[in-house]
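A.B. asks: Sharing a structure with you now.
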Amino acid sequence: MALENLTARERLALDLEHCTVALWVLVNRNAGNVDKPDEPTRVEIEDLVEVLRRLDALGAGLGPHLYRAAEKRCGRLNP
């Protein structure tokens, strides 16, 4: 489907996905270092994951056939 043929809801879903992909990469990159000095805590990472999963759920609701769930894209976070 061409981008110009997307509805406003579908465009928003894709925009959310583009943003959350980058944020998932950052969370996953930092998840392996939790609780080390000057690194994010496990609780902080878990809070970020909760927010990202909520954003993914909203995006999937806006464009279910366009938006991929975080677990399909990045796997479950397991620091």
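A.B. asks: How many residues, within the range 41-62, are more than 17 Å from residue 27 (Cβ to Cβ) and buried (at least 19 other Cβ atoms within 10 Å of the Cβ)?
C.D. replies: 1
A.B. asks: Just one of 31, 13 is of a type in the set (A, V, I, L, M, F, W, C), within 19 Å of residue 68 (Cβ to Cβ) and in contact with a helix residue (DSSP H, G or I) (Cβ under 9 Å, 6 or more places away or on another chain); which is it?
C.D. replies: 13
Computed from the coordinates by the stated procedures, all read-outs in this text should not be read as laboratory data. Everything quoted here is computed from the prediction, not taken from an experiment. Please note: Cβ atoms are built from the backbone with ideal geometry, for glycine as well, and neighbour counts cover all protein chains shown.
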